[in-house]
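Report on the structure given below.
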Amino acid sequence: MARRDETESPKPRHSPLIAVVLIVALAVTLAGIFPFRQILAQNRQVDNTATKLQALQDENAALEAAIEALNTDVELERLAREQLGMVQEGEVGVTIDSPPGSELPEPAVPTAQFDERGLFEKVWDFLTGRDLEPDG
């Protein structure tokens, strides 16, 4: 009877099967992640759009109220005095010019912004679909 050398390691019998199972599991996981992250991104986009719609509806209501206010004599007189410098008969109008050199400073030029997130945050954003959302 031949003795087996004790230094010899037994050959793995299931390594091709394990490799196939791991490849199939990876394929199933990736097939699930990409649609899942798109669904999450689209849900967030729907929520953002609903928020913007509400803000626009509120702005429209405020503008409609401003239009109604313009239909009153009091508001028309106020605007004529403020914006056009109009005065009624018997009143004295005074205008004040600003001294030379008192112009407003130029606005600052925005600087480039860099992504300071760590690798984990970038991977998490990829998995949850946040990288699919447009900025702004």
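Read-outs: derived from the displayed coordinates by stated rules, not from any lab. Since the model is a prediction, treat every value here as computed from it, not as a measurement. Glycine also receives a Cβ, built like all others from the backbone with ideal geometry; neighbour counts cover every protein chain displayed.
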The chain, Gaussian network, Cα under 10 Å: of Val21, Val123, Val92, the residue fluctuating most is Val92
So what are the chain's ellipsoid semi-axes, whole angstrom, largest first, if each one is the square root of 5 times an eigenvalue of the alpha-carbon gyration tensor? 74, 23, 7
Extending each Cα 7 Å along its Cβ direction at Leu84 and Asp97, get the distance between those two points in nm, one decimal. 2.4 nm
Expressed in nanometres to one decimal, the distance between label points 7 Å along Cα→Cβ at Val28 and Thr49 is 3.4 nm
Kindly list the residues of the stretch 103-136 that lie in the label zone of Gln38, defined by a backbone N under 18 Å from the point 7 Å along the Cα-to-C-beta vector. 126-134
Taking the Cα centre of the chain as origin and charging only Cβ (+1 Lys, Arg; -1 Asp, Glu), how large is the dipole, in debye to the nearest 20? 1960 debye
Note on the chain: helices (DSSP H) long enough, at least 20 Å by alpha carbon along their axis, and hydrophobic enough, mean Kyte-Doolittle at least 0.0, are 15-70
Select from Leu63, Pro16, Trp124 the residue farthest towards the positive end of the dipole of the stretch 8-136; place +1 on Cβ of Lys and Arg, -1 on Cβ of Asp and Glu, and compute about the Cα centre. Pro16
Could you work out the per residue convex hull volume over the alpha carbons of the stretch 87-136, in cubic angstrom? 178 Å³
Taking r as the C-beta separation of Leu132 and Asp58 and R0 as 25 Å, the FRET efficiency to the nearest 0.05 is 0.35
